[in-house]
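K.L.:
Here it is, the structure, as structure tokens.
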Amino acid sequence: MRRRRKEEKHENLDRWLLTYADMITLLMAFFIMMYSMSVLNIAKFRDAAFSIRSGFGGMMRGQGRSILGSSGKFSAKPSPIQGDTIGVSWNVIKPLNDFVRKDEVASRTVQLTEDQRGIVITMLTDRMLFSPGRADLRPGAYPLLDRIAEALDRVDNNVQVVGHTCDLKPRGSHFSSNLQLSLARAQMVLHYLEHYKGLESERFSVAGYGSTMPICPNKDEANRRRNRRVEIVILRPEAPPVEAEVQSKPAHSRPVAEIRRRSN
């Protein structure tokens, strides 16, 4: 009897191996996960993070709420924007977002965000749209504008095209001020969308703010390059008329170049 009890006691002592094996397995899984994160593809990670944030009502690339809507629902076929959002399906924006992500130049000069105005497509003018001090579209801008036109053609929202510059005076051009240059550039983008892509002019408005609304201080050339931009804004349906919106802004940010609503 005593011998049997000793054997049973010896068998129970080996049970610690189960706990040890579980711990080793967990450690191995942990280090595999750490290794996979160390060789992560940044582009794929950003896409995954963007999808997760969108699915939970998160933000689009830096600010604003997800264009998937405030419901926080996510499915294999994304639902259109709901509630107080702007009524645009993610399927409309996704091809443009994919083009920007994959194109070498566009990935560094174009950004899609959302703010209180609506969905904002921000395009840096350097190396993409215009030469310094000029308002003639560069041929390299056409593929991007074609993709934007495809997205705009699939929505009914009004659209605002806004030009911005840095604080340096226009060089080597016939424009006497940044306000004139910014308005001319916005008008040129609008002209391409209307006359070459056939979009309805009644939906569009245009503005030039010059250097009055920088997104970062004009302290160096890198910041100035970011401030030289054209924004295409897919407006929210409930947004007030563009003229009323301008009047509500502080005097220092009001453009001298008057915003005009296209009626013909």
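K.L.:
Go through segment 106-112 residue by residue and turn each phi into a ³J(HN,Hα) via Karplus (6.51, -1.76, 1.60, θ = phi - 60°); whole Hz please, and just put x for glycine and proline.
P.N.:
The phi angles translate into 4, 5, 9, 10, 10, 9, 10 Hz.
K.L.:
Could you tell me whether segment 112-231 comes out rounded, prolate or oblate from its Cα gyration tensor? Rule is a ≥ b ≥ c as square roots of the eigenvalues, rounded for a/c under 1.5, then prolate if a/b exceeds b/c, otherwise oblate. Show your work: numbers first, answer last.
P.N.:
Values: a/c = 1.82, a/b = 1.48, b/c = 1.23.
It is prolate, given that a/c is not under 1.5 and a/b is the larger ratio.
K.L.:
Using amide H atoms built in the peptide plane, which far-off residues or other-chain residues are under 5 Å from Val88 H to H?
P.N.:
Counting only residues 5 or more places away or on other chains, the set is Ile81.
K.L.:
Oh, and also: Starting with the fewest neighbours, write out Ile119, Ile232 ranked by other beta-carbon atoms found within 10 Å of each beta-carbon.
P.N.:
Working: Ile119 27, Ile232 23.
Fewest to most other Cβ atoms nearby, the residues stand as Ile232, Ile119.
K.L.:
Sort 21-27, 197-203 by the packing proxy (mean of other Cβ within 10 Å over each peptide's residues), most packed first. Please report the intermediate quantities before stating the final value.
P.N.:
Details: 21-27: 10.0, 197-203: 13.7.
Output ranking for 21-27, 197-203: 197-203, 21-27.
K.L.:
If r is the Cβ-Cβ distance from Glu200 to Asp167 and R0 is 25 Å, what FRET efficiency results, to the nearest 0.05?
P.N.:
Values: r = 35 Å, r/R0 = 1.41.
After rounding, the FRET efficiency stands at 0.10.
K.L.:
Each label point is 7 Å from the Cα along the Cα-to-Cβ direction; what then is the distance between the points at Arg108 and Ala21, in nm?
P.N.:
Simple spin-label model gives 5.5 nm for this pair.
K.L.:
Listing Met28, Met188 from the residue with the fewest other Cβ atoms within 10 Å to the one with the most, what is the order?
P.N.:
Working: Met28 10, Met188 21.
Sorted ascending by nearby Cβ count, the order is Met28, Met188.
K.L.:
What shape does segment 173-223 take by its C-alpha gyration tensor, where a ≥ b ≥ c are the square roots of the eigenvalues and a/c under 1.5 counts as rounded, a/b above b/c as prolate, and the rest as oblate? It would help to have the intermediate numbers written out before the result.
P.N.:
Working: a/c = 2.62, a/b = 2.07, b/c = 1.27.
The shape class here is prolate.
K.L.:
Let me ask another. Taking neighbour Cβ counts within 10 Å as the exposure measure, how do Val161, Val105 sort from fewest upward? Before the final figure, lay out each step's value.
P.N.:
Details: Val161 23, Val105 15.
Least to most surrounded, the residues fall as Val105, Val161.
K.L.:
Note down the nm distance, to one decimal, between modelled labels 7 Å out along Cα→Cβ at Asn218 and at Ser36.
P.N.:
4.9
K.L.:
If you don't mind, another one. Residue by residue through segment 117-131, what is 3J(HN,Hα) from phi via Karplus (6.51 cos²θ - 1.76 cosθ + 1.60, θ = phi - 60°)? Round to whole Hz and write x for glycine and proline.
P.N.:
Each residue of segment 117-131 in turn: 7, x, 7, 10, 9, 9, 10, 6, 6, 5, 6, 10, 9, 9, 7 Hz.
K.L.:
Can you work out ³J(HN,Hα) from phi for every residue in segment 209-214, in order, using Karplus 6.51 cos²θ - 1.76 cosθ + 1.60 and θ = phi - 60°, giving whole Hz and x for Gly and Pro?
P.N.:
Once θ is set to phi - 60°, the couplings for segment 209-214 become 9, x, 9, 7, 10, x Hz.
Every number in this text was worked out from the coordinates using simple rules, so none of it is lab data. Keep in mind that what you see is a predicted model, and the values were worked out from it rather than measured. All Cβ positions, even for glycine, are placed from backbone atoms using ideal geometry, and neighbour counts span all protein chains on display.
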